[in-house]
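One structure is given here, and the rest of the page talks about it.
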Amino acid sequence: MHAVVLLAWCLLGAVWAIAETLLIKGGTVVNAEHQLAADVLIADGLIQAVGRDLQAPANARTINAAGKLVMPGGIDPHTHLDAHMMGTISCDDFYSGQAAALAGGTTMHIDFALPSNGDLAAGFARYQAAAAKSVMDYSFHMAVTSWDDKVAADMGELAAAGINSFKFFLAYKGVFAVTDAQLLQGLARCKELGALPMVHCENADALVDAQERVFASGVTGPEGHYLSRPAVFEDEGTARALRLAEYVNVPLYVVHVMSGGAADEVARARRGGQRVVGEAVASGFASEERMVWDADFRVAAQYVMSPPIRSPEHQRRLKAALAGGMLGVVATDHAPFNSSQKRLGLGDFRKIPNGVNGIEERLHVTWDALVATGLITPSDFVRLTSAAAAHAFNIYPRKGVLAPGSDADVIIFDPAAEHVLSAASHHSRMDTNIYEGRTVRGKVETTISQGRAVWEGGALKVRPGAGRFIALPTGGPLFDGLDRLDASYQHRNFPYGATPVKRAAPGETKSRDEL
């Protein structure tokens, strides 16, 4: 039996290794910069040509995209697969989570690797092993949850290995949270490495106090999670992180902006010339905060995430910030826990594993909420769901654009199609879906990953182990010119001459000219 299985895998691997030659005909190519009627030729895992009236090579398979949009595959820069959190492990691993991503048009994701007992190198090794079953392109951010000389040294080793971003938490005191002093050290180290610091912005001390107060008041259900994480905590944490990054003069990536106030802080910093990327997540503007008050614990608990899903007014401000370019990326924070795992917090909202689904739904709910309503254009959609992440993490134009030489990660999208989102039809291992029963406009019909059609006709064609780790280079565009800004900072803040000032010894007096 084992020999038969091995032979089957070998045969499948041999078939998989034969690159497809594909010609996508008759569609409208949409990039972040423009859209045009054009064909797309794919061979050897790369885009070979984009243009009108391309001719198919003899061995090519032609895909008819008439009336459809042809766009770069999505890049989700915020996921948690096979993550050990809050006493359990997220229910999607690197096979099921990535399969779900491909069915939803996402062809690359960047997952958060967590340290093992504070050890960054050991944590990275664990995630590398977990990703052996991957089916598409992926990379990692590394979380920094403590600080000492080894952490600083490990950051350098990881940067050399292809990790160009490090995440710091201003939440989860006693588990992940760093102090302001540690954050400052981490920001400075990121600047040295040319790595992008990322921050989860809340207030760890205030959260502990609020959770204790809310629980002591008798509120123990999922609504307590929302009540104990008011927007003011996120607003304050965002303002603090941005100002510390400004002091260090390092770019900053603010993850999962959920409040209007936090979006305003990002906008303020950007207007002041600070290099900031603000990330929204699909659930932040496309889900409903009222659901955490549902009388059924199973329903309410699935909406628990941090920071929490907020009111329609906050969501309106998030969508306006995305439409206006103040927030630049749409991710998911896909941290999937099924209903039995969520029950770990039955009777104590502080123990409910934090996280919602979205890796498969992101493109669909973003199109429905932002493009179908007229708030943004299809090119804006590509920027928010693909190109901006490729720029921020320094892999553009390999990813995030349909152009000759770019990786053949492509989706064919029908803007007129409607479909219903449901746990019964999604590919995640979650037994719930926060978008349950929602009809959305726009549908990914075909996903091409690494030059192969892996989602087509409602069927997935994936193989464990076919995924690739994509090394992310340090020193991306966000770091260009920082040395000149440092010199400018010195000039602006010390306008009265060189420091230290030469002063007379005690008992001596000198004129200003003599000094």
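The values are calculated or read from the model by the stated rules, or taken from the named source; none is laboratory data. None of these values were measured; they are calculated from a predicted model. Note: ideal-geometry Cβ built from the backbone for every residue, glycine included; neighbour counts use all protein chains shown. Surface areas here come from the heavy atoms of the whole protein model, side chains and all, with no ligands, DNA or RNA. Shrake-Rupley method; radii C 1.70, N 1.55, O 1.52, S 1.80 Å.
Computed values, structure above
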quantity: Relative contact order of segment 239-381, pairs being alpha-carbon contacts under 8 Å that are 6 or more residues apart, as %; calculated: 24 percent
quantity: Tilt relative to the chain, helix 312-323 - C-alpha long axis, 0 to 90 degrees, to 10; calculated: 80 degrees
quantity: Modelled FRET efficiency - R0 30 Å, Leu344 with Asp44, Cβ distances, 0.05 increments; calculated: 0.05
quantity: Percent antiparallel among DSSP beta bridges (both partners in segment 51-149, rounded to 5); calculated: 25 percent
quantity: Antiparallel bridge percentage (DSSP; both residues within the chain; nearest 5); calculated: 50 percent
quantity: Values of log10 I(q)/I(0), in the order q = 0.16 Å⁻¹, for segment 264-381 under a Debye, Cα-only, solvent-free model; calculated: -0.79
quantity: Cα principal axis extents for the chain, largest first, Å; calculated: 93, 59, 52
quantity: Zone of Tyr489's modelled label, taken as backbone nitrogen in segment 247-268 under 17 Å from a point 7 Å along Cα→Cβ; calculated: 247-253
quantity: Share of carbon and sulfur in the accessible heavy-atom surface of segment 60-137 [1.4 Å probe, %]; calculated: 54 percent
quantity: Solvent exposure, largest accessible area first (probe 1.4 Å, DNA, RNA and ligands not counted), of Leu196, Leu244, Leu46; calculated: Leu46, Leu244, Leu196
quantity: Solvent accessible area, Å² - Arg61, 1.4 Å probe, full protein context; calculated: 90 Å²
quantity: R0 of 35 Å, Cβ-Cβ distance Ala66-Arg468: FRET efficiency to nearest 0.05; calculated: 0.65
quantity: Pairwise centroid distance, computed over Cα atoms, of segment 229-299 with segment 383-408, Å; calculated: 24 Å
quantity: Mean-position separation - Cα centroids, segment 428-476 and segment 139-159, in angstrom; calculated: 29 Å
quantity: Å² per residue, accessible surface of the chain at 1.4 Å; calculated: 40 Å²
quantity: Charge sum, other residues only, whose C-beta stays under 12 Å from Ala43's C-beta, Lys/Arg counted +1 and Asp/Glu -1; calculated: 0
quantity: Unsatisfied cross-links (Cα-Cα over 20 Å) in the set Lys68/Lys461; Lys319/Lys399; Lys68/Lys443; Lys25/Lys443; Lys173/Lys351; calculated: Lys68/Lys461; Lys319/Lys399
quantity: Cross-link partners of Lys502 among lysines (Cα-Cα below 22 Å; sequence separation of 8 or more within a chain); calculated: Lys510
quantity: Carbon/sulfur fraction of accessible area - segment 198-279, other protein chains in place, 1.4 Å, %; calculated: 51 percent
